[in-house]
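K.L.:
First the structure, which I've put down as structure tokens, then a few questions once you've had a look.
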2 protein chains.
Amino acid sequence: MNPSQKTGLRVKRSVLDRRLLIFPTKGNAVEKVLDNHQEEIFFSEEEKQALYKTVFNRRDVRGQFKADPIPDDVLSRVLYAAHHAPSVGFMQPWNFIVVRSDEVKKKVHTAFNKAHDEAAEMFESEKSEVYRKLKLEGILESPVNICITCDRSRTGPVVIGRTAIKTMDLYSSVCAVQNFWLAARAEGLGVGWVSIVKQQELRAALGIPKDIIPIAYLCVGYVSHFYKEPELKTAGWLDRMPLEDLVYFDQWENPSTAEKEPLIAKIIEDKDFSRSC
Amino acid sequence: MNPSQKTGLRVKRSVLDRRLLIFPTKGNAVEKVLDNHQEEIFFSEEEKQALYKTVFNRRDVRGQFKADPIPDDVLSRVLYAAHHAPSVGFMQPWNFIVVRSDEVKKKVHTAFNKAHDEAAEMFESEKSEVYRKLKLEGILESPVNICITCDRSRTGPVVIGRTAIKTMDLYSSVCAVQNFWLAARAEGLGVGWVSIVKQQELRAALGIPKDIIPIAYLCVGYVSHFYKEPELKTAGWLDRMPLEDLVYFDQWENPSTAEKEPLIAKIIEDKDFSRSC
């Protein structure tokens, strides 16, 4: 039974008024309103748990890739997850360049090495030494690399929701990256985001025109194992911050309010939540 | 049984070599290596399905908010999901400003109205009329607003992975937004991203200093219903693009290769995948 059958003509006036605004000149507005109502979709405790399990077990993978090919049905599903990310004004500014050519991968790898050497010089001597020894990419080992881009001129110059904040389209493509990453994790695929590469070199390697922004270059593949914790945490580079220190109320830096907040008490109580999933 | 008990001393040399690089001067490297191995975590078909169900049923909610309060345990979990987003160099650049004050919300709402009026002028006459009638925010109706920010100077001036692409820290905060959004959907909470507001006015309303970037202003709350499809799609503003048109191989715009690609055939075959979840 679809929602219109269930609801019949007794549609709540408030809902109708709101939706009708969108179709001010169309005669069949009522029908369209009803069609877009979703049957109530609930998430069971197990389903919620599965979402959190994916979120908490996602890792930035650099060194555990296996050469096993990724079946097309798996990659298709993960790409659909990316394609269903939110996008400003529904502009869907992303493209997905699937890289399997060794020649192209090698070009990107060379660009990485160059940017990596330059980066090492930026750290102070002790940190620079540790930095040089970190494994930060799996470009050649992973069977598939995927570049997710942003076409800023897609759907024209004026975009709903991008008029005040011009970077919203870039953010949309980032949401596609995160959807991709989570779906990949649930499928047992590791993903590593390679950001130590200059955009103009990535463009040259992949033939990307100047007006397209490469947002993320991802290494994708099955892995021998996932790590329990982010590698930079285990390496002692940085620790995870306590969430309660990052939450403010009504105004930036409002700890006086925060101290008395039941939400803060709950966050502290839940500190091991990520480990329970 | 933890992984080190299971593996004993017979650790694969390749794995050890790789991990040891990170602790070149520490005696207890082997132990640390083993500690960070994750017990193999698989996702059942049901768990994968739950992830896709969340991704495909997430909506940008503007008009269906109910005033019901959000329990602290739910908000705590959703914030933990956001806090476990990937971040460049593990810098975790985000903060979360939880807005419940009517006074603050009203200030943001006023800023929205101003930016919205300005935006309407940017569309051509016919589109402008439709634009003005769209419901694009739920600032006052939703019980909680949350601003997710990016502190670009967190962890110091040089950040692993941000040396070549300076916007990586902004992207990290966007990943936190997307994690928040998905966890909220699984919890039955609607989220709407309000981007039609100028950053300096958002800063003024929330007391955010100049060096902190407001990334997303989110309206959060339970809803009377979710829509089946994005509202801009139903309104006829734009349609969802076919995924197969957005996928290239090895180089930008490589349709000649794409036509022969089994992955493209699979993507076309899966066109109703999002509706099956």
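K.L.:
If B:Val197 meets every condition in (1) more than 22 Å from A:Thr54 (Cβ to Cβ); (2) more than 7 Å from every other protein chain (Cβ to nearest Cβ); (3) open to solvent by less than 10 Å² (accessible area, probe 1.4 Å) apart from one, which number is that one?
P.N.:
Looking at each condition in turn, B:Val197 falls short on (2).
K.L.:
While we're here: Surrounded by 15 or more Cβ atoms within 10 Å (Cβ to Cβ) and in a loop (DSSP other than H, G, I, E, B): does that describe B:Gly89? Full working, then the answer.
P.N.:
Values: surrounded by 15 or more Cβ atoms within 10 Å (Cβ to Cβ): yes; in a loop (DSSP other than H, G, I, E, B): no.
Considered against the rule, which asks whether it is surrounded by 15 or more Cβ atoms within 10 Å (Cβ to Cβ) and in a loop (DSSP other than H, G, I, E, B), B:Gly89 comes out as no.
K.L.:
In addition: Which number in (1) out of contact with any strand residue (DSSP E or B) (no Cβ under 9 Å at 6 or more places or on another chain); (2) surrounded by 23 or more Cβ atoms within 10 Å (Cβ to Cβ) marks the one condition that B:Met122 misses?
P.N.:
Here B:Met122 clears every test but (2).
K.L.:
Step by step: first the residues of region B:256-277, then only those that are modelled with pLDDT of 95 or more and assigned to a loop (DSSP other than H, G, I, E, B), then the one that is surrounded by the fewest Cβ atoms within 10 Å (Cβ to Cβ). Which residue is that?
P.N.:
Ranking the candidates gives B:Asp272 first.
K.L.:
I would also like to ask the following. With the structure loaded, tell me whether A:Lys114 is under 20 Å from B:Phe249 (Cβ atoms), open to solvent by 20 Å² or more (accessible area, probe 1.4 Å) and in contact with a helix residue (DSSP H, G or I) (Cβ under 9 Å, 6 or more places away or on another chain) or whether it fails that test.
P.N.:
Details: under 20 Å from B:Phe249 (Cβ atoms): no; open to solvent by 20 Å² or more (accessible area, probe 1.4 Å): yes; in contact with a helix residue (DSSP H, G or I) (Cβ under 9 Å, 6 or more places away or on another chain): yes.
For A:Lys114, the condition - under 20 Å from B:Phe249 (Cβ atoms), open to solvent by 20 Å² or more (accessible area, probe 1.4 Å) and in contact with a helix residue (DSSP H, G or I) (Cβ under 9 Å, 6 or more places away or on another chain) - is not met.
K.L.:
Here's another thing I want to ask about it. Quick test for you: out of B:Glu45, B:Glu103, B:Glu129, pick the one residue that is at pLDDT below 95 and either surrounded by fewer than 22 Cβ atoms within 10 Å (Cβ to Cβ) or more than 19 Å from A:Leu246 (Cα to Cα) (or both).
P.N.:
B:Glu129
K.L.:
I've got another one for you. In region A:51-66, which residues are surrounded by fewer than 20 Cβ atoms within 10 Å (Cβ to Cβ) and within 18 Å of A:Val194 (Cα to Cα)?
P.N.:
Within region A:51-66, A:Lys66 is the sole residue that qualifies.
K.L.:
Given B:Ala176, B:Ala204, B:Ala183, which one is more than 7 Å from every other protein chain (Cβ to nearest Cβ), part of a helix (DSSP H, G or I) and open to solvent by less than 30 Å² (accessible area, probe 1.4 Å)?
P.N.:
Going through B:Ala176, B:Ala204, B:Ala183 in turn, the sole match is B:Ala176.
K.L.:
For the subset of region B:210-244 comprising residues that are of a type in the set (Asp, Glu) and within 9 Å of another protein chain (Cβ to nearest Cβ), which member is surrounded by the fewest Cβ atoms within 10 Å (Cβ to Cβ)?
P.N.:
Within region B:210-244, the first condition is being of a type in the set (Asp, Glu), and the residues that meet it are B:211, B:229, B:231, B:239, B:244.
Checking the rest, the ones that are also within 9 Å of another protein chain (Cβ to nearest Cβ) come to B:229, B:231, B:239.
Values: B:Glu229: 15, B:Glu231: 20, B:Asp239: 11.
So the residue we want is B:Asp239.
Condition check ((1) within 7 Å of chain B (Cβ to nearest Cβ); (2) out of contact with any Leu (no Cβ under 9 Å at 6 or more places or on another chain); (3) touching a residue at least 60 places away in the same chain (Cβ under 8 Å); (4) aliphatic (A, V, I, L, M)) across all residues:
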site: A:Gln64; (1), (2), (3), (4): no, yes, yes, no
site: A:His109; (1), (2), (3), (4): no, no, no, no
site: A:Glu129; (1), (2), (3), (4): no, yes, no, no
site: A:Leu140; (1), (2), (3), (4): no, yes, no, yes
site: A:Cys150; (1), (2), (3), (4): no, no, yes, no
site: A:Thr155; (1), (2), (3), (4): yes, no, yes, no
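K.L.:
Looking only at residues in region B:157-173 that are surrounded by 22 or more Cβ atoms within 10 Å (Cβ to Cβ) and over 21 Å from the mean Cα position of the chain (by Cα), which one is nearest to A:Glu118 (Cα to Cα)?
P.N.:
The residue in question is B:Thr163.
K.L.:
So A:Lys127 ticks every box in (1) in contact with a helix residue (DSSP H, G or I) (Cβ under 9 Å, 6 or more places away or on another chain); (2) in a helix (DSSP H, G or I); (3) not hydroxyl-bearing (Ser, Thr, Tyr) but one. Which box is left unticked?
P.N.:
Single failed check for A:Lys127: (1).
K.L.:
May I ask you to say which residue of B:Arg77, B:Arg132, B:Arg62 is among the charged types (D, E, K, R) and in a loop (DSSP other than H, G, I, E, B)? Even if it seems obvious, please write down each step before you answer.
P.N.:
Values: B:Arg77 fails: in a loop (DSSP other than H, G, I, E, B); B:Arg132 fails: in a loop (DSSP other than H, G, I, E, B).
Exactly one residue qualifies, and that residue is B:Arg62.
K.L.:
Kindly evaluate B:Ser142 against the criterion of being part of a loop (DSSP other than H, G, I, E, B), at pLDDT 95 or above and open to solvent by 20 Å² or more (accessible area, probe 1.4 Å).
P.N.:
Taking the combined requirement at face value, the residue does not satisfy it.
K.L.:
Being crowded, with 19+ Cβ neighbours inside 10 Å, touching a residue at least 12 places away in the same chain (Cβ under 8 Å) and in a strand (DSSP E or B) is the requirement here; does B:Ile97 meet it?
P.N.:
Details: crowded, with 19+ Cβ neighbours inside 10 Å: yes; touching a residue at least 12 places away in the same chain (Cβ under 8 Å): yes; in a strand (DSSP E or B): yes.
For B:Ile97, the condition - crowded, with 19+ Cβ neighbours inside 10 Å, touching a residue at least 12 places away in the same chain (Cβ under 8 Å) and in a strand (DSSP E or B) - is met.
The values are calculated or read from the model by the stated rules, or taken from the named source; none is laboratory data. Since this is a predicted model, take the numbers as computed values, not measurements. A quick note on method: Cβ atoms are made from the backbone with ideal geometry, for glycine too, and the neighbour counts reach across all protein chains shown. Protein only, heavy atoms only, side chains kept; ligands, DNA and RNA dropped before computing areas. Shrake-Rupley method; radii C 1.70, N 1.55, O 1.52, S 1.80 Å.
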